[in-house]
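Report on the structure given below.
Derivation of every value follows stated rules applied to the coordinates shown; laboratory data play no part. Not measured: the values here are computed from a predicted model. Note: ideal-geometry Cβ built from the backbone for every residue, glycine included; neighbour counts use all protein chains shown.
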């Protein structure tokens, strides 16, 4: 199992349905405050955000109207239909994540549990020993970086793109998901594993 050269594609999704109550619309109505040092520009349907940690851009749904005035971004929807309500909240969330990403960044922490299991860095890539016949290399890609504590077997996945960080963490976990008997494997920090009792020998009659 080798992830060298594997591209971590950004997650692309559009909401095509939503609840009749329009819960997401309440999110959409909230303005986004742009911190000092962050530049936001809308080029057609492409939102570009640049800040201290880097820059991001992404296509937004053309149904939504994005307004940038000084240090405030607002998102408005054309109708109160359920699709537009869902897109309203989603669009606002995506833009806010871009702003947070270029200022603070995102991270996910993974713990490796198991006798003989270990992790270290090979250049910028992860070098994982997880009980297979060979180490597994997981590359740093799409702006995702890794901090590793080899003594505690802890991996911190970090980057400015929330979706890329989440996807990379999920893929690393998937290499050796935690098993329910001994709890060995790769797991998110604070993840609770539902443990199963091991098989026991039948008692004599």
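By other beta-carbon atoms within 10 Å, ranking 68, 112 with the fewest at the front produces 68, 112. For region 106-188, the relative contact order works out to 35 percent when only alpha carbon pairs closer than 8 Å and six or more residues apart are counted.
Counting neighbouring Cβ atoms within 10 Å and putting the fewest first, the residues 27, 75, 46 line up as 46, 27, 75. In this rough spin-label picture, where each label sits 7 Å from Cα along the Cβ direction, the residue 79-residue 65 distance is 1.6 nm. As a calculated quantity, the FRET efficiency between residue 195 and residue 134 at R0 = 22 Å, using C-beta atoms, amounts to about 0.15. For the pair region 95-113 and region 64-88, the centres of their Cα atoms are 24 angstrom apart.
Treating r as the C-beta distance of residue 145 and residue 50 and R0 as 25 Å, the FRET efficiency rounds to 0.85.
Ranked by how many other Cβ atoms sit within 10 Å of their own Cβ, fewest first, the residues 194, 77, 82 fall in the order 194, 82, 77. Full extension of the chain between residue 174 and residue 152 gives 5.9 nm of extra length, using 0.36 nm per residue less the Cα-Cα distance.
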